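See structure below.
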Amino acid sequence: MVRRPVAWVTAIVLFVEAVGIALVNWFMGVVVDRQDMSLAGLDPDVMSTSSKVAGLLFGLYFALCGFTALRVGLRDRAPAGLGRILLISAAVVHALLGAFTVGLVGWGAFAFMMVVLGLIVLIFMTYDRREAAVADAKPDGGPADGGGAPVVPSPAAPSAT
């Protein structure tokens, strides 16, 4: 079906994004270090180091989210516990980054953020639907036919006599 390929594509995209974020922040740190200029009295070395550290932390965060998506694809089960929290937080981060990038970078970056957001949400939608169907199945192993609730007949309409 579509569950595993979506999880694998999401994992690949998150791994690529992790490397990209780390490289962009590292590059910005190198640029700040070489300019040797101060911004509002801040030390350039501190700005350079903090940019590099932030890039590495964000890169590790996205790589961990990618590992979670990869694990979902390999196990063919919905994320649970910390993995679920990581993917939900990644979806929120991509929604916020999409809102910021539309004004700062442009519509292309916004579209990329929304595609990644859609992939993460699609992981939750496809796996939750499958597990809900398994939970609705009859205990005797029969097919799911609405949860197996007893049918209550409707009261008879009053007669006109």
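The values are calculated or read from the model by the stated rules, or taken from the named source; none is laboratory data. Everything quoted here is computed from the prediction, not taken from an experiment. For neighbour counting, all protein chains shown are included, and Cβ atoms are generated from backbone atoms with ideal geometry for every residue, glycine included. Only protein heavy atoms, including side chains, enter the accessible area calculation; ligands, DNA and RNA are left aside. Shrake-Rupley method; radii C 1.70, N 1.55, O 1.52, S 1.80 Å.
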For residues that are without any contact (Cβ under 8 Å) to a residue 24 or more places away in the chain and within 29 Å of His94 (Cα to Cα), tally how many sit in region 26-43. 6
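Would you call Ala22 closer than 15 Å to Val115 by Cβ and either open to solvent by less than 60 Å² (accessible area, probe 1.4 Å) or among the polar types (S, T, N, Q) (or both)?
Values: closer than 15 Å to Val115 by Cβ: no; either open to solvent by less than 60 Å² (accessible area, probe 1.4 Å) or among the polar types (S, T, N, Q) (or both): yes.
Spelling it out, it is not the case that Ala22 is closer than 15 Å to Val115 by Cβ and either open to solvent by less than 60 Å² (accessible area, probe 1.4 Å) or among the polar types (S, T, N, Q) (or both).
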Could you tell me which numbered condition Leu87 fails, if it satisfies all but one of (1) in a helix (DSSP H, G or I); (2) open to solvent by 20 Å² or more (accessible area, probe 1.4 Å); (3) in contact with a Pro (Cβ under 9 Å, 6 or more places away or on another chain)? (2)
Considering region 64-80 alone, what residues qualify as being at pLDDT 90 or above and either part of a loop (DSSP other than H, G, I, E, B) or in contact with a Ser or Thr (Cβ under 6 Å, 6 or more places away or on another chain) (or both)? Ala69
